[in-house]
Amino acid sequence: MVPRHLERSIPMKRVRGLISVILSLAICLSLDAPLVAKQPKNSDVDDIGSRDINKGSINFISLEKEIALGKQLAQEVERQSKLINDPEITEYVSRVGQNIVKNSDSKVPFTIKVIDSDEINAFALPGGFFYVNTGLITAADEESELAGVMAHEIAHVAARHGTKQYSKAMIAQYATIPLIFLGGGLGYGLYQAAGFLIPLQFLHFSRQAEAEADYLGLQYMYKTGYDPTSFISFFEKVQAQEKKKPGKLAKAFSTHPPTADRIEKSQAEIATILPSREQYVINTSEFDKIKAKLVAYENRKRPTEGEKSNKPTLKRRTSGETEDTGEEPGTSDDDRPTLKRRTDQSKPDEGK
């Protein structure tokens, strides 16, 4: 309705015509306007390192305290485990990990060490203290498989899953869960996790946290140059091996292999979020060299164990090892990384 004081100055027919034109114009604009799909959170790979993936999350622990906490937990891990001190092995594993860290959203520096254990395991503590078992390295066939597991663990630290989970536990059980920094050390709330006396909330994450680590880890692999599908294929292979011969997969690590839903979701994310590339780094001659060194180290330990059990010992053969042809190992071809062309099979079927 037009106000009375405007009725004389603006004819009613003109008003109605003006309204009709405005409505028609609005309809045309809405039809011509492109439908902009809402992008998933933290999906822009180009912004990795400058984006705040933890914005709006609940976390009572500052980054400084998180690093101090991680250092305290790391001392407990190293007190209970045997580290590999071979500089060639430790430098290589640390370099692979640090390269992924540089292509991640992490706001803390990383310290990466290798544990002498044939269990397939890797875990990262709050504050960037990261441990890789020798069993994980020897179980991988290619550097990209090792990188996939490391990227997943680095994602847990970048997303601050440990301290977020701890903060939620503080809210839920404020009266019964003491603060580590006020409690004078690790004296309370300790559980047996990953074979170490570490608070469970720092190593055993929720399904939502694992899914986010899958999501971010795939991006970090891609940004570093690795084939992100290697992460999925490695866990599928490890799961199959664990069914045939149980016991090699660490108990805390057994929750990591993606379920069918997580695999399907990861495949869709690879196809839709990560831009297509012609080639990826799959393997390097340096990985084969380090793996062969660790396999030889394991084989040297086995005779003693075999003598005690009076059972014959079998020597493991590395993926890069060939029959004796008189050729020195590692001298074939060159030291360039192996590259793989991405196929269309990684994309989901049309129309699904």
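The values are calculated or read from the model by the stated rules, or taken from the named source; none is laboratory data. Owing to the predicted nature of the structure, the values given are computational and were not obtained by experimental measurement. In this analysis, Cβ positions are derived from the backbone assuming ideal geometry, glycine residues included, and neighbour counts consider all displayed protein chains. All accessible areas refer to the heavy atoms of the entire protein, side chains included, with ligands and DNA or RNA removed. Shrake-Rupley method; radii C 1.70, N 1.55, O 1.52, S 1.80 Å.
For region 268-305, the set of trypsin sites (Lys or Arg not before Pro) satisfying both a DSSP loop assignment and a count of at most 10 other C-beta atoms within 10 Å is empty. Spread over its residues, the convex hull of the C-alpha atoms of region 56-100 is 112 Å³ per residue.
In this structure, the amide hydrogen of residue 111, modeled 1.01 Å from its nitrogen in the peptide plane, lies closer than 5 angstrom to those of 129, 130, counting only residues at least 5 positions away or on a different chain. Checking the Cα-Cα distances for 71/168; 102/237; 55/291 against a 30 Å cut-off, the pairs over it are 55/291. With the largest listed first and rounded to whole Å, the semi-axes of the equivalent ellipsoid of region 42-150 from the Cα gyration tensor are 25, 19, 11.
Could you check how much of the accessible area of region 61-158 is carbon and sulfur, as a whole percent, using a 1.4 Å probe? Ligands and nucleic acids excluded, carbon and sulfur give 48 percent.
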